[in-house]
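Everything below concerns the one structure shown next.
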Amino acid sequence: MPSATLQAGAGSITAQGHYTPATHALEGQATLRALRPDALHTLLAAAPLSGRVTAQTQGDAVRFSADVRADTGTAARTATVKTPGAAGAPLRINTFSALGTWQAADGGTVRLDRLVLDALQARVETTGLQVALGTQSAQGKVTLAVPGATARAQGTLAPRSGAGDLQLQWADAALTQRWLAGLPVVGTSVQRTLQGASAQGAAQIAARWKGGWQTLTEQLQTTTANSAPARNPDRFDLQATLSTPQLDLSLPATTNASGGTSAGQALQLRAFKAELGGNLAQASLALTGEVRTPAPQALQTTVQTRLASTLVGAGQWQLQVSELRLQAQAAQRPGPWTLQLAEPLGLTVRTGAPTPGAPRSPASGRAAPSPTTSALSLQASAGQARVTGPLPGTVALRWSPVQWSAPTAPGALSRLQTQGTLQGLPMAWVDALGLGETPAAPGQPAQPLLARMGLASSIVLDGQWNVDTTGDALRASASLRRTSGDLRILAGDATAVTAVQSSGQGTGAGATTVLATAAAPPAGASSASSAPGTPAGVRQAEITVTAEGDTLRARLLWASDRAGEIDATASTRLAAANTAAAITWPADAPLAGTLRARLPDVGVWSALAPPGWRVRGTLDASATLSGTRDAPRWAGTLGADDMAVRSVVDGVDLQGGRLRATLQGNQLNITEFRLQGGRGSSARIAGFSGNRTAAAQDGGTLTATGRVAWGDSATAGTGMSGITMSLQAEAKALQVLVRADRQVSVSGQLQAQLQQGQISLRGKLTTDRATIILPDESAPRLGSDVVVRSAAKDREDQAKAQAAAKANQVAAQAETAKPPDIAVTLNLGRDFALQGQGITTRLTGEVDIRSSAVPGAPPRVTGEVRTDQGRYRAWGQMLDVETGLIRFNGPYNNPSLDILALRPNISVRAGVQVTGSAQAPRVTLYSDPELPDAEKLSWVVLGRNASAGGAEAAVLQQAALALLGRNGGQSPTANAASRLGLDEIGFRGATTGEDASAAALTFGKRLSKDLYVTYERSLSGTLGTLYIFYDLSRRLTLRGQTGEKSAVDIIYTVKYD
C-alpha cells in the first residue's frame, strides 16, 4: 500500500507500508495530523492528536514504536472548548509513547522497552515489561501516578512462581476519590460502590509477594471447599505493611436485616500501622495505632495486638492472639481505661455453606444445634485479662471456653455458651464510668451518681456469669457480691466532736456561735478509717439475676449497721425464650416480688438534704408485688418513727415524727403522719409594743393524712407521669421557726393536690405568736455607682447568659410545664411582734397569697398589714407610730406604704411620714399644723420651737441634720438608752430668761401608749424632778410632777392654722 489517507474533520491519518505473505515480513507507518479523537468516539476529548506509529519485522519479531501527543496550540485549545458533539467528553489523551517488540511464538509475547501513557490526569510508565500470553506470566516495572497517589510495582508473576514488591503512596485520599468518581464509564460505578464513604489524609502501603497467581487462586478455593486443604509445597506468600500518620474515614449508613438504618460512622486513624505476613494457610497480623471517633461520642482508643492464623480445614482457622492491649479515653470522662490479655488466647473460626432446612427441636420449636446450620461459628479457649481504670483498682477477668455461632436460618437466634468470673471490681468506678450522672452545664460540672447522693465507696465486688443458649431453653445467671470495703456517707463525721454552743438575745439580729473540735484519730489508724463521712458498716451486698427458660428472677441483699437492710426478690416472664424470635418482655408479663427494708438511722443520709439541714428517724417497709408489667400492684406497709428535721441556721426544728402508710395496688394511703415542733426559743420583744405573751415551750403538732397514686392509665398516653396526690394537713400551735432572734408558731389547715401534672395548695393559717428581731444595720455593700470589672466574672456571666438562652430555647420547644396553683390565706394574729431598724411594733392583718399564671413568676400577695402600738426610734428620739399601714396588691416585694410616726408629749404634732412603695419610698417631715421643715425638724429632734433656743437651737439643728444625713442612724445616747432599757436620754438647756443652772439631764420611759414617765436631774441642784404624763384624750393631758416642786396640771391643746 503505497499511501492511504483518512480525513476526519480538520485532521487526517496518512498510512503506508507493505506485507510479504511468504516471509511474513511487515513494514509500515502511520502519521496523525491534528486528528480530533471526538470524531471517532463521543467519549474522547476534542484535543487534536499528532504523531507517528511504525512497525517493522526484525527476524522472528515485529519491532514497533509510537509517539502520539496532543497539540498545544491556540487552535487546539479552541477546538477542545467549542466542539459540537464532544463538549464535556472527559477522556483526554495527552501523550502516548511506546517502544517494544512482538513475538508470535509460544502463544505470543509482548515486550515493552518503554511505555508512557498520559491520559485522564493519570500517567503510566513501564520499563522492561514483558507479557507472555501463552504462559500467562509477566515481569517488569510499572509506575502509576494519579491525582493524590502514586504506585510502583516491580517483579515477576507466573502461574506457579513469582516475586516482587509494590509501593503505594497515598498523599491525598480525598483527591484520589474525586478523580475516580469523575472517570468516564466507570465513575458512576465507583460512586455506587462507595455508597457515600469517603477518606481524607495520607497512607503508605509497602508489600512483597512470592508465589504464582494460580497458586493464590487455588488457596482461595481451598478455604471454601468441603475437603481438607491439599498439601502443596507452592504457596503464595505476602508481606504487607499499611501505615498512616493521619487518615479520616467516613463510613456510610447501613441497613440491617429488619429494615432499620444505622447512622454512618466516622473514624480517625492516627499513627496507625498494620503488618500482614504469610499466606492463607498460615498468616500473622500486627496492629498498632490510635482510633478516634469525633464528637459527640468522642472516644480515643489505642490498639496494640498481635495474632497468628492457621488454616486447619475447609473454612476453619485457628487463631492465636499472643498480645492484646486496648486503651480507651472518652473526651468528657475520666480515663484512660485499659484492657490487656494476661495470657495468649486461642480462637477457632469456622465458616461454611449452611444446610438448608435445619431440623428443629420438637419440644421447643427452636432450631436444634447442628454444625452445618451456622455460616459462622467461633470458639475461644479459656483465658484471663486485666482491666484498669482512672481510679485505683484492677479487675481480673477469667473465663472458661466460649462458643458462639450465627445461624443462617431466617429469624434464628445466635447461640452462645460462656461462663466466667470477675474479681476486684471497685464500686467507685460507677462515677468514673459516668453511670447515672447529671449532664454538665455551663459553670457547673457534671455530677457523678455517688457524689450526687453524698456517698463515697471503697467496696470491692466479685462477680460471675453463666450463659447457655445452645439448648432448648435459655439458661443464664449473673451475680455481683461484696468481698471487702465499706460505704461512707458524707454526712457528719464518725470521729468524736467536742462542741460548745453559745446563744443570746439582744437588740441586734441575734447570733449563735458553735465551736467544735474533732478528736484526733488514734495512732496507726488507716487512711480509710480517717476518711470523711460516716461508715455505713456494710456487712453484705449482693445482687443475683437468673433466667431459666421464660422465667427471669432477681434478688437483692443488703445489710449494714447504719445504712439499713434490704431483702428484695422479683420474678417475671419473658416471651419467645423458646422460639427463633428475639427475646422480649411483654406488657402483660406477670410480676411477683417481695420487699423488706429497714433503715435504723435516716440521719446518715443527711447529705441528700440541703446544706445545713439534718434529718433523723427510722424507716421500716414491707411490701409484696403482683400484677403485670403495665399494671403492677403493690401491697404492704410503710412506717417511720422518731422522725426529725432540723436546720439551726434557718430556725427549723421539727421532731417526734411518726408515719404510718399502707400500699394497696398503685396507691399509697397515709393513715397517720405526725410531727411535733421543737422546743420554742425564748425570743421575746418586751414592752407594750412587743409580745403580749411569752414564747411557748410546747412546740405544737402537725398532723396529715392523704393518698398518693400512680400508674393512671388515663394519662399514660399524654406523656405525664400519671402520679396523683391528695393530702390534708393541720397545724396546731406548730413552732415553724425557733431561733434566738426569731420565733413563729402557726395554726391552721392546708390541702395539697396533684392532678394532671399540676400541684394545687389551699389553706388558711393563723399566727399564734411571732417574734422577729431584725438587725439594726445590714452588711455593708458598694453603692450603685460603683462597678467592678473582672474578666473572669465577665466570662462567667456570659456563660450563664448563654446557658439561660439555651434553656429558654429548649423550654420553648418543649411543652410548657403547668405552674402550681396556690391560694393560701395568712392571718398575722394578735401577737406578731417585730423589732429592728429602729421600729418596735406588733403587726395585725390578713394577706392572701396566690400563685401567678405565668410559669416562673413570683406569687402575688393581696391584703393589708397594720401596726399595733408601734414605736419608731429616729435621731435619738422615740416616735409613736400613729398610722402604720402596708397594702399588698400584687408583687410581694413592693407593697404600698402609709406610715406616720409622731413625737409624743409636745404641743405640736410633729414627726415623720413615709409614703410610696417599698422599692420607691418617700420620707417627709410631718407637722400639724403645717410648719416649715426647719421647725418640723426642731420639734422632732428638740421637742420645741427652733426660735425659742437661739444659737443653742441652731447648733442642735445642725447635729440633727447630720443625723438625718446618716439615714436616722443610732446616736451614742440612743444606744446607751437602749442598753439601759430607756426610751430617751437627753439634755435640756436653759430657755429664755433662765440662767445656766437650769440645764438638766432627762431620762424618759414609756410604760404604755398613754403613760410616759420622765426623770429630770438638774446639773446644779441636788434634787431631781419626776414627771408623769397621761393622755386622757387626744386634746386633754394630765401632767403630774414631784421632787423639788410638786404639782398636778391638766393641759388642753387647741390646734389652729
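The values are calculated or read from the model by the stated rules, or taken from the named source; none is laboratory data. Quantities reported herein were computed from a predicted structural model and do not represent experimental measurements. When we count neighbours, we look across all protein chains shown, and the Cβ atoms used for this are built from the backbone with ideal geometry, even at glycine.
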**Item:** Unique match (being buried (at least 16 other Cβ atoms within 10 Å of the Cβ), modelled with pLDDT of 90 or more and more than 60 Å from the chain's Cα centre (by Cα)) among Thr83, Thr101, Thr57
**Value:** Thr101
**Fill in**
Looking across the stretch 638-656 at residues that are surrounded by fewer than 17 Cβ atoms within 10 Å (Cβ to Cβ) and at positive phi, the single one that is nearest to the chain's Cα centre (by Cα) is Asp642
**Asked** If you check Gln177 against the conditions, is it surrounded by 16 or more Cβ atoms within 10 Å (Cβ to Cβ), farther than 30 Å from Arg63 by Cα, modelled with pLDDT under 90 and outside the structural domain of Arg63 (by TED's automatic domain parsing)?
**Response** yes
**Request:** Please enumerate the residues belonging to the stretch 184-208 that are over 16 Å from Asp248 (Cβ atoms) and in contact with a helix residue (DSSP H, G or I) (Cβ under 7 Å, 6 or more places away or on another chain).
**Result:** Gly187, Val190, Gln191
**Request:** Restricting attention to strands (runs of 3 or more DSSP E) lying wholly within the stretch 855-915, give those where 3 or more residues are under 30 Å from Ile759 (Cα atoms) and touching a Gly at 6+ places or on another chain (Cβ under 6 Å).
**Result:** 860-874
**Complete:** Filtering the stretch 145-190 down to residues that are part of a helix (DSSP H, G or I) and more than 46 Å from the chain's Cα centre (by Cα) yields Gly187
**Request:** Filter the stretch 236-263 down to the residues that are touching a strand residue (DSSP E or B) at 6+ places or on another chain (Cβ under 8 Å) and not in a strand (DSSP E or B), then identify the one that is modelled with the lowest pLDDT.
**Result:** Asn256
**Asked** Can you tell me which residues in the stretch 609-629 are closer than 18 Å to Leu654 by Cα and of a type in the set (A, V, I, L, M)?
**Response** Ala609, Val615, Leu619
**Request:** Report, by residue number, each residue of the stretch 465-491 that is assigned to a strand (DSSP E or B) and closer than 17 Å to Gly420 by Cβ.
**Result:** Trp465, Asn466, Val467, Asp468, Arg475, Ala476, Ser477, Ala478, Ser479, Leu480, Arg481, Thr483
**Message:** Quick check on the stretch 213-220. Is at least one of its residues part of a loop (DSSP other than H, G, I, E, B) and either not assigned by TED's automatic domain parsing to the domain that holds Ala286 or not aromatic (Phe, Trp, Tyr) (or both)?
**Reply:** no
**Asked** Just a yes or no: is a residue in the stretch 264-278 part of a strand (DSSP E or B), more than 30 Å from Ala298 (Cα to Cα), out of contact with any Lys or Arg (no Cβ under 8 Å at 6 or more places or on another chain) and modelled with pLDDT of 80 or more?
**Response** yes
**Qualifying positions in the stretch 8-28 - of a type in the set (A, V, I, L, M, F, W, C) and either exposed (fewer than 13 other Cβ atoms within 10 Å of the Cβ) or in contact with a Gly (Cβ under 9 Å, 6 or more places away or on another chain) (or both)** = Ala15, Ala22, Leu26
**Asked** Are any of the residues in the stretch 798-814 at pLDDT below 70 and under 30 Å from Val847 (Cβ atoms)?
**Response** no
**Message:** Within the stretch 195-212, take every residue that is in a strand (DSSP E or B) and over 38 Å from the mean Cα position of the chain (by Cα) and give me the one that is farthest from Pro245 (Cα to Cα).
**Reply:** Lys210
**Prompt:** Hey, among the residues in the stretch 737-753 that are at pLDDT below 90 and among the aliphatic types (A, V, I, L, M), which one's surrounded by the fewest Cβ atoms within 10 Å (Cβ to Cβ)?
**Reply:** Ala740
